[in-house]
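Take a look at the structure below.
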Amino acid sequence: MRAVRYHEYGGGDVLGVDEVDRPSPDADEVLVEMRAASVNPVDVMFRSGEYGDVPLPSIPGGDGAGVVAEVGEGVERFAVGDRVFASGMDRAEGGTCAEYAAITETKLAHLPEDVSFEGGAAIANVGATAWTALEEVAGIQAGDRVLIHGGAGGVGHAAVQIASASGAEVIATAGSETARERVRELGADTVLDYDSDTLAEDVLAASDGESVETVLDHRLQAYLELDLEVLTENGQLVCLMGNIPDASGVPFYTKEITVQALRMDNHPVRAPKLRRLVRLMERDELTPVVADTYDFEDIAQAQQDVLVGGYVGKLVVTP
Ligand SMILES: NC(=O)c1ccc[n+]([C@@H]2O[C@H](COP(=O)([O-])OP(=O)(O)OC[C@H]3O[C@@H](n4cnc5c(N)ncnc54)[C@H](OP(=O)(O)O)[C@@H]3O)[C@@H](O)[C@H]2O)c1
């Protein structure tokens, strides 16, 4: 089978398409004929060696969608021919940027018939992440106000829709008028320019001068002080990043705030979260947005573009 691989850490030029053996599923695994995989910023960090413990050669891709080609003897929930999507491949497993991937049953869910493979790939990881952050970690309630930094991004576009479906009032930010308009269409009540010099005031103005109950932040180094300013007493700050910035001098003592960081390594049991995304998609409360699709041969460009941004939703690669 064809698989994207890198044999050493480095820039985009270490990525290539190799002919490799098709994996065989273990007893608890499903062999999926991959039709699409998403491109995540963390793929670039693994490839560059920034998280230097990726076994080489490595196949990138932590999530994706496809059709079941074979099932291990202990697999009960899936059969050959099922349409599925997956999230949570860790750095030591084979990735999803391959024609086939052997995926543990606990990381798979059935993909609704009317969701494309590209859409399934686009929503799997970021949707599960947004769900974890908002529903499990922050426990948002109907009527809460939620600030979502970068609402046009992969996690952001899922988070806007999940928060909106929960009945929260959503304030999001985005970098261009085109993106802001799109994020409004996804359900945000207010979308602000993240480059505004008066962003904290803009957030407070958008919430009638009151504060927000939850903030979802992936750029804590830029927004920690703003987050504390706009959060209410007993508010929740959920962070999607590995590095907690130097917080000396930040006035933490002015309010009771809970700060929680999501683990970067994906949880081995993702299926329950994926099934919740399925229910939202079936109710038309969650629509994956595929910003662009690339061939395997163009994955270096895709991994470059994911860092540049400027699009709404998720970049996807297909065999
Ligand atoms: N388990 C986890 O903890 C977990 C899981 C998934 C992702 N993450 C992390 O979460 C972050 C986002 O991931 P993603 O997949 O959503 O990436 P993404 O698709 O690249 O989205 C990032 C978003 O941030 C926006 N942005 C750029 N500059 C900004 C600024 N100054 N202020 C606010 N927003 C800004 C971008 O907008 P423009 O396009 O306009 O620049 C883009 O919409 C990454 O750091 C990723 O590693 C963590």
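The values are calculated or read from the model by the stated rules, or taken from the named source; none is laboratory data. All of these numbers come straight from a predicted model, not from anything done at the bench. Don't worry about glycine lacking a Cβ; one is built from the backbone with ideal geometry, like all the others, and counts go over all protein chains shown. Side chains included, ligands, DNA and RNA excluded: accessible areas come from the protein's heavy atoms. Shrake-Rupley method; radii C 1.70, N 1.55, O 1.52, S 1.80 Å.
Stokes-Einstein D for region 47-164 at 20 °C, 1.002 mPa s, Kirkwood Rh over Cα pairs, in µm²/s? Can you show the working numbers first?
On the way: Rh = 15.8 Å.
Reported coefficient: 135 µm²/s.
So if I place +1 on the C-beta of Lys and Arg and -1 on the C-beta of Asp and Glu, and nothing else carries charge, what would the dipole magnitude of the chain be about its Cα centre? I want it in debye, nearest 20.
Working: 23 positive and 56 negative charges, 92 e Å.
About 440 debye.
Relative contact order of the chain: what whole-number percent is it, with Cα pairs under 8 angstrom and at least 6 residues apart?
On the way: 758 pairs, mean separation 64.8, N = 319.
That works out to 20 percent.
Mind ranking 156-164, 109-117, 246-254, 27-35 by how tightly packed they are, going by the mean number of other C-beta atoms within 10 angstrom, highest first? Before the final figure, lay out the partial values.
Details: 156-164: 29.0, 109-117: 17.4, 246-254: 9.7, 27-35: 21.6.
Going by the mean number of other Cβ atoms within 10 Å, highest first, we get 156-164, 27-35, 109-117, 246-254.
Taking the highest mean first, how do the peptides 168-174, 101-107 order by number of other beta carbon atoms within 10 angstrom per residue?
Numbers: 168-174: 26.0, 101-107: 24.0.
Answer by packing, highest mean first, reads 168-174, 101-107.
Using a/c under 1.5 as the rounded threshold, could you call the chain rounded, prolate or oblate? The axes a ≥ b ≥ c are square roots of the C-alpha gyration tensor eigenvalues, and prolate needs a/b larger than b/c, oblate otherwise.
prolate
On a C-alpha basis, how far is the centre of region 116-139 from the centre of region 48-72 in Å? Whole number, if you could?
What the calculation gives is 18 Å, centre to centre.
With the Cα gyration tensor of region 126-261 giving a ≥ b ≥ c as the square roots of its eigenvalues, does the rule (a/c under 1.5 for rounded; else a/b larger than b/c for prolate; else oblate) give rounded, prolate or oblate? Before the final figure, lay out the partial values.
On the way: a/c = 1.36, a/b = 1.24, b/c = 1.10.
Because its axes are fairly even, with a/c under 1.5, region 126-261 counts as rounded.
Given a 1.4 Å probe and every protein chain left where it sits, what share in percent of the accessible area of region 228-287 is carbon and sulfur?
Numbers: 1630 of 3550 Å².
C and S fraction of accessible area: 46 percent.
Return one whole number: the accessible area per residue of region 126-261 in Å², for a 1.4 Å probe. Intermediate results must be reported in sequence, preceding the final value.
On the way: 5720 Å² over 136 residues.
For region 126-261, the solvent-accessible area averages 42 Å² per residue.
Restricting to the chain, compute how many DSSP beta bridges are antiparallel as a %, nearest 5. It would help to have the intermediate numbers written out before the result.
On the way: 29 of 55 bridges.
Around 55 percent antiparallel, to the nearest 5.
Which of the aspartates and glutamates could a cross-linker span from Lys107 if the Cα-Cα distance has to be under 12 Å and same-chain partners fewer than 8 positions apart are dropped?
Asp28, Glu29, Asp63, Asp90
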